[in-house]
1. Among the residues in the stretch 54-62, are any at positive phi, away from ligand 1 (no atom under 13 Å from the Cβ) and surrounded by 24 or more Cβ atoms within 10 Å (Cβ to Cβ)?
2. With the requirement that a residue be in a loop (DSSP other than H, G, I, E, B) and within 16 Å of ligand 2 (Cβ to nearest atom), what does the stretch 155-188 give you?
3. If you go through the stretch 74-93 one residue at a time, how many are part of a helix (DSSP H, G or I) and either surrounded by fewer than 24 Cβ atoms within 10 Å (Cβ to Cβ) or within 16 Å of ligand 1 (Cβ to nearest atom) (or both)?
4. Just for the stretch 237-283: of the residues that are of a type in the set (S, T, N, Q) and over 26 Å from the mean Cα position of the chain (by Cα), which one is farthest from G189 (Cα to Cα)?
5. D67 fails exactly one of the following numbered conditions: (1) under 18 Å from A391 (Cβ atoms); (2) surrounded by fewer than 24 Cβ atoms within 10 Å (Cβ to Cβ). What is the number of that condition?
6. In the stretch 118-146, which residues are acidic (D, E) and either under 17 Å from L163 (Cβ atoms) or more than 12 Å from ligand 1 (Cβ to nearest atom) (or both)?
7. Against the definition (under 15 Å from I178 (Cα atoms) and either without any contact (Cβ under 8 Å) to a residue 40 or more places away in the chain or in a helix (DSSP H, G or I) (or both)), how does E50 come out, yes or no?
8. Criterion first (more than 18 Å from T135 (Cβ to Cβ), within 16 Å of ligand 2 (Cβ to nearest atom) and of a type outside the set (G, A, S)) does P17 satisfy it?
Amino acid sequence: MSAAALLGAISGVGKDPVRGGYSRHGFDRVELDLRAWFTEEAARRGLGVETDRNGTLWAWWGEPGDDAVVTGSHLDSVPGGGAFDGPLGVVAALAAVDLLRERGFTPGRPLAITVFPEEEGGRFGVACLGSRLMTGAIDPAAALRLSDPDGTTLAEALAFAGLDAARVGRDDAALARIGVFVELHVEQGRGLIDLGAPVGLARSILAHGRWRLRFTGEGNHAGATLLADRRDPMLPAAGVVLAARRAAAAVSGSRATVGRIIPIPGGTNVIPSTVDLWLDARADDDARTRAVVADISAAAAELAETEGCAVTVTEESYGDAVHFDPTLREDLAGVLGGVPQLPTGAGHDAGILAAHLPTAMLFVRNPTGISHAPQEHAEDADCEAGAAALADVLAHLAR
Ligand code: GLV
Ligand code: MN
Ligand code: MN
Ligand code: MN
């Protein structure tokens, strides 16, 4: 079956009528429905599906085993995200298995498709949650205490998904199963459009992290409180949005984004008592990323003091820059006939796994150059080119 037809089969699942696009989040009803759909599609192909301790799905072609060739991606999205970020890598893996079967290929090495949960951190705030748990990049006790905007903890969400919260955490047995990991993904920028190529290989991922800034002031009446009497945490929060742009502009190649702000209690006629603001910052390396965040944190402290407010800055997740395994990259470039290699500013489970084993990524051209938004796109022909490239790569690695 083609990757496009498989994507079409889930195109109605998890549409967000308010934001547009899709809202599919880790272990919510929508993601669980998508996981059930994947399990059925895998079973239809005779792949044996397992769920590991941290909620990652594994669909095995043949017997499960160590040192396997593993491919896959995720089925969750950002709030109001596109149809391709995540699902394209999953459907391309299924389509690649179909292509390999049509070619009469049988793997000479265990081969599996994985679906990692909550890659975007759209529900619990930590990006790549499944792969961070698997690799021990996040403390399981701290992870279980993470909560979603409704106050549901990760522990409760895991129980809802039928998983045992007591068993989450670093899973060396699962890691040992992955000999090499290849993730196919829609490109999230303009690289492949500009190069006129449908498919490319990832070279690197920026260092990136997320920080929560909590500004605390004094909740009060919007009409009755004189300006001079206010301690309004929205003011330093607003200043930090501007400071983030200025700080990133001062460090070449860096990016800083404020995409989420929650005033508490959140009434039009109420001066908030607290404002929570999340900062996403990325740069070429650790030092530059830290410099941008230090600059913004200093601005936050100064702005808070001017308004008589307090501020705390908490790192919620972080990952250093990733340079994908050069030997594997050159090997796959040879298999694919010298496709372009390009960096990306987006994070991926493949980037988390890269600290433990050889990983690679294939990108599929995105004609809009837009991602994490409903306009994210890939033409059917490019999706098929991606699936065919993935099939070639899997055949090579599992020969
Ligand atoms: C994940 O897609 C990220 O880059 O934030
Ligand atoms: Mn994403
Ligand atoms: Mn993704
Ligand atoms: Mn009143």
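The values are calculated or read from the model by the stated rules, or taken from the named source; none is laboratory data. Bear in mind the structure is a predicted one, so any value in this text is a computation, not a measurement. Please note: Cβ atoms are built from the backbone with ideal geometry, for glycine as well, and neighbour counts cover all protein chains shown.
1. Step one: list which residues in the stretch 54-62 are at positive phi, which gives 55, 62.
Of the ones still in play, those that are also away from ligand 1 (no atom under 13 Å from the Cβ) are 55, 62.
Now narrow it down to the ones that are surrounded by 24 or more Cβ atoms within 10 Å (Cβ to Cβ): 55.
Within the stretch 54-62, one or more residues are at positive phi, away from ligand 1 (no atom under 13 Å from the Cβ) and surrounded by 24 or more Cβ atoms within 10 Å (Cβ to Cβ).
2. Across the stretch 155-188, the qualifying residues are E187, Q188.
3. First pass over the stretch 74-93, keeping only residues part of a helix (DSSP H, G or I): 87-93.
Right, trim to either surrounded by fewer than 24 Cβ atoms within 10 Å (Cβ to Cβ) or within 16 Å of ligand 1 (Cβ to nearest atom) (or both) and you get 87-90.
Number of matching residues: 4.
4. Residue satisfying both the conditions and the ranking: N269.
5. So D67 meets the others, but not (1).
6. Within the stretch 118-146, E118, E119, D139 meet the criteria.
7. The answer is yes for E50.
8. no
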